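Asks: Have a look at this one before I ask anything.
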Amino acid sequence: MREELLIKFLNDECTEDELKDVIHWIKFDSYTDYSKEMGYGQWNNYDYESDAELPEERKLESLLDQIHHKINVKEHYKSEKSVALFTKWMTRVAAVLLLPVLALYIYTITSKPDTISQLEEFSVDSLEIVAPTGSKTFVQFSDGSEVYLNHGSKLKYPQKFAGETRGVVLSGEGYFKIAHNPQKPFVVKTRGVNVKAVGTTFNVYAYPDEKTIATTLVEGKVILEKKAPGITPSPIGSMVPGQHVEYNTENGNINSTIGDIEKYISWKDGKLIFKRDSIARIASRLSRWYSVDIDVADNDAREYTYTATFTDEPLWHILDLLKNAAPIEYEKVPRKRLPDGTYSKQKIIIWKRD
């Protein structure tokens, strides 16, 4: 790995082939024992100006803290300025410490679970945005495409798209409006499915704690691909407007329906629409929407289905309406104070009324 190529990478100046070389090095060489040993040797000689007064044994800890602060995803999306400062800062580090230091830097961030498996998504200008619980978030990409993120969703995306596709990584739910570009498809990557489009409007539901990944196509056309670690994605099929497809990541089953898609996309307008939905499914949606834990403890209660629309309704009002429409009861479990002074999530238990 040449010093000049690393500097180009840190300044986002690599060609497509050069970027592939850097990613290959990151994946297979940067976190080897040899690279780490070289890196730690260089840390001992590092003398960053703001750390000049620190004891020798604190320099590595301080610099690692600075690196983690700079790459903290919650800070990345607050402003483009922070990204620019981070790139400039890392370039200075690379100029002093060269390859061993960058190797240790890459090792540090890839030592976290699930990071190595997503190294192809890594880029100096990668951003991650989170929609906090109880709110929705809007993002506009550099190509003019847009996405609305639902409660508790996360999206990783580049500051500017490069290569043959426009790729983003979604964990949660997003409503996408994609700018048309036949030469560069837009790909939404989830843990089990890729959703590929060139210019269209669609919704993707892919929360990490659920076994179902769902795509709802509003207009245009998308292609679904099944993916697995280390395997080339295989096609599932293409969708037509008004189609809703659910893919079960545990058994590979696929369920498709046409029409009546409003209930899958209404969340972006603050509505919860249920049409002949089971109380278990409703409990799951309400749990995520209101950041509570709703447990349908009674199997007999699971047989009830509901058709209803709620717009900015308080949770307790919704539960009372469900209770009046079917013979069920619910109980609020007192929240517990945790050792750190915070309180546990509100838990609600639902059962069939005698």
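The values are calculated or read from the model by the stated rules, or taken from the named source; none is laboratory data. As the structure is a prediction and not an experimental result, all values here were calculated from the model. Note that we place each Cβ from the backbone using ideal geometry, even for glycine, and neighbour counts take in every protein chain shown. Ligands, DNA and RNA are stripped out before the accessible areas are found, and what is left, the full protein with its side chains, is counted by its heavy atoms. Shrake-Rupley method; radii C 1.70, N 1.55, O 1.52, S 1.80 Å.
Asks: Could you tally the net charge around GLY237, taking each other residue with its Cβ under 15 Å from the Cβ of GLY237, Lys/Arg +1 and Asp/Glu -1?
Replies: My count for the surroundings of GLY237 gives +2.
Asks: Can you give the relative contact order of segment 296-354 as a percent, counting alpha carbon pairs under 8 Å and 6+ residues apart?
Replies: Rounded, it is 41 percent for segment 296-354.
Asks: Which of the peptides 227-233, 195-201, 247-253, 283-289 is most tightly packed, and how do the rest follow, judged by the mean count of other Cβ atoms within 10 Å per residue?
Replies: Top to bottom by mean Cβ count within 10 Å: 195-201, 283-289, 247-253, 227-233.
Asks: Turning to a different aspect of this structure: Test of understanding: what is the full-extension gain from HIS317 to ASP293, defined as 0.36 nm times their sequence separation minus their Cα-Cα distance?
Replies: Gain on extension, HIS317 to ASP293, equals 7.0 nm.
Asks: Here's another thing I want to ask about it. Just order 155-166, 270-281 by mean Cβ neighbour count inside 10 Å, highest at the front, would you?
Replies: Put in order of decreasing packing, that is 155-166, 270-281.
Asks: Over segment 168-312, give the accessible area per residue in Å² for a 1.4 Å probe, as an integer.
Replies: Here the per-residue accessible area is 45 Å².
Asks: Sticking with this one: Would segment 153-271 count as rounded, prolate or oblate if I go by the C-alpha gyration tensor, calling it rounded below 1.5 in a/c and otherwise prolate when a/b exceeds b/c, oblate otherwise?
Replies: Verdict is rounded for segment 153-271.
Asks: What is the antiparallel percent of DSSP beta bridges lying wholly in segment 155-250, to the nearest 5?
Replies: Rounded to the nearest five, the antiparallel share is 90 percent.
Asks: Leaving out ligands, DNA and RNA, what percent of the accessible area of segment 117-234 is carbon and sulfur, probe 1.4 Å?
Replies: Taking all protein chains in place, segment 117-234 shows 50 percent carbon and sulfur surface.
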